[in-house]
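Below you'll find the structure, written out as structure tokens, and then a few comments.
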Amino acid sequence: MDRDARVLRALVSAHGRTYAEEAGIRLTDTPQPLYRLLVLALLLSARIRASVAVAAARALHEDRLDSPHRMAQAGRRRRVEALGRAGYRRYDERTSAQLGDGAVLLTERWGGDLRRLHRAADGDPGALKRLLQEAPGIGPAGAGIFLREAQRVWPDVTPYLDGKALSGAGRLGLPTDPEQLIRLAGDTEPAVLAAALVRAALDARLAEDCLRRAA
């Protein structure tokens with residue numbers, strides 16, 4: 001096994017878990033899990049630790065704020081309190097407003113069902129990214145997070161390795177061409193590969209540990 005394959009195997013073996021899995025989302029191509037993933041993408045795209053964003057996504061679910069209707073009906077204070085319980089305080093007021101406004105937009109534009117957005121994009125990842133960014137709080141980073149994870153249930157998106165994932169590959173000295181990385185990863189799902197590479201991009205120590213174990 002060559003050096004790149006060893007590094008990638010060490011990375012995926014230790015950190016091959018999607019962020020949706022970490023947040024307790026059993027991702028399927030159905031409205032509720034897709035909405036929960038969109039909320040997670042919004043939370044992760046803020047300048048806050050990923051672990052706190054994941055905890056906030058779990059807290060919102062535990063408070064039954066797991067559909068656009070419930071999120072919109074909950075009110076600002078309830079959303080803020082759920083975020084606060086997870087330690088998501090720095091952006092809680094702004095994020096609460098974005099979650100409420102986004103839930104209303106999703107209901108009015110797509111009937112609360114992101115599969116309709118998916119169909120409207122007609123298999124074009126660029127169009128998907130643009131449509132996702134219509135939601136308050138979802139910018140290019142948030143749309144990228146959503147698509148990295150959603151490729152698990154939206155095959156027309158895969159392989160989706162964006163700039164953040166490719167920066168993780170670069171940190172590990174791996175190829176930064178998506179097709180090369182997919183071939184190198186073998187049977188590893190692209191969503192799992194993307195999540196592992198993002199973790200390497202975000203955590204220099206994690207990357208260094210993988211390089212040591214692969215040496």
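What about Leu197, is it in a helix (DSSP H, G or I), farther than 22 Å from His118 by Cβ, of a type outside the set (Val, Ile, Thr) and at pLDDT 95 or above? First the steps, then the outcome.
Working: in a helix (DSSP H, G or I): yes; farther than 22 Å from His118 by Cβ: yes; of a type outside the set (Val, Ile, Thr): yes; at pLDDT 95 or above: yes.
In short, yes.
Is it the case that the stretch 83-90 has a residue that's of a type in the set (Ser, Thr, Tyr) and buried (at least 17 other Cβ atoms within 10 Å of the Cβ)?
From the stretch 83-90, those of a type in the set (Ser, Thr, Tyr) are 88; that's our starting set.
Imposing the further condition that a residue be buried (at least 17 other Cβ atoms within 10 Å of the Cβ) reduces the set to 88.
There is at least one residue in the stretch 83-90 that is of a type in the set (Ser, Thr, Tyr) and buried (at least 17 other Cβ atoms within 10 Å of the Cβ).
Among Arg58, Arg47, which is the only one that is open to solvent by 90 Å² or more (accessible area, probe 1.4 Å), within 17 Å of the chain's Cα centre (by Cα) and closer than 24 Å to Val153 by Cβ?
On the way: Arg47 fails: closer than 24 Å to Val153 by Cβ.
None of the other options fit; the residue is Arg58.
Considering the stretch 143-158 alone, what residues qualify as being assigned to a loop (DSSP other than H, G, I, E, B) and under 12 Å from the mean Cα position of the chain (by Cα)? Steps first, answer last, please.
If we filter the stretch 143-158 for residues that are assigned to a loop (DSSP other than H, G, I, E, B), which is where we start, we get 151-154, 158.
Of everything in the stretch 143-158, those that are assigned to a loop (DSSP other than H, G, I, E, B) and under 12 Å from the mean Cα position of the chain (by Cα) turn out to be Gln151, Arg152.
Inspect the stretch 91-111 for any residue being of a type in the set (A, V, I, L, M), in contact with a His (Cβ under 9 Å, 6 or more places away or on another chain) and farther than 23 Å from Arg199 by Cα and give the result as yes or no. First the steps, then the outcome.
If we filter the stretch 91-111 for residues that are of a type in the set (A, V, I, L, M), which is where we start, we get 97, 99, 103-106.
This time we only want the ones that are in contact with a His (Cβ under 9 Å, 6 or more places away or on another chain), so: 103.
Applying the additional criterion that residues be farther than 23 Å from Arg199 by Cα yields 103.
Yes: the stretch 91-111 contains one or more residues that are of a type in the set (A, V, I, L, M), in contact with a His (Cβ under 9 Å, 6 or more places away or on another chain) and farther than 23 Å from Arg199 by Cα.
Within the stretch 142-178, track down each residue that is within 24 Å of Gly102 (Cβ to Cβ), at pLDDT 95 or above and among the hydrophobic types (A, V, I, L, M, F, W, C).
Across the stretch 142-178, the qualifying residues are Ala143, Ile145, Phe146, Leu147, Ala150, Val153, Trp154.
If I filter the stretch 18-31 for residues that are more than 14 Å from the chain's Cα centre (by Cα), assigned to a helix (DSSP H, G or I) and not hydroxyl-bearing (Ser, Thr, Tyr), do I get at least one hit?
Yes, the stretch 18-31 contains at least one residue that is more than 14 Å from the chain's Cα centre (by Cα), assigned to a helix (DSSP H, G or I) and not hydroxyl-bearing (Ser, Thr, Tyr).
Going by the structure shown, is Leu161 surrounded by fewer than 24 Cβ atoms within 10 Å (Cβ to Cβ) and either within 14 Å of the chain's Cα centre (by Cα) or of a type in the set (A, V, I, L, M, F, W, C) (or both)?
Numbers: surrounded by fewer than 24 Cβ atoms within 10 Å (Cβ to Cβ): no; either within 14 Å of the chain's Cα centre (by Cα) or of a type in the set (A, V, I, L, M, F, W, C) (or both): yes.
Considered against the rule, which asks whether it is surrounded by fewer than 24 Cβ atoms within 10 Å (Cβ to Cβ) and either within 14 Å of the chain's Cα centre (by Cα) or of a type in the set (A, V, I, L, M, F, W, C) (or both), Leu161 comes out as no.
The values are calculated or read from the model by the stated rules, or taken from the named source; none is laboratory data. Quantities reported herein were computed from a predicted structural model and do not represent experimental measurements. Note that we place each Cβ from the backbone using ideal geometry, even for glycine, and neighbour counts take in every protein chain shown. To get the accessible areas, we keep the full protein, side chains included, count just its heavy atoms, and leave off ligands, DNA and RNA. Shrake-Rupley method; radii C 1.70, N 1.55, O 1.52, S 1.80 Å.
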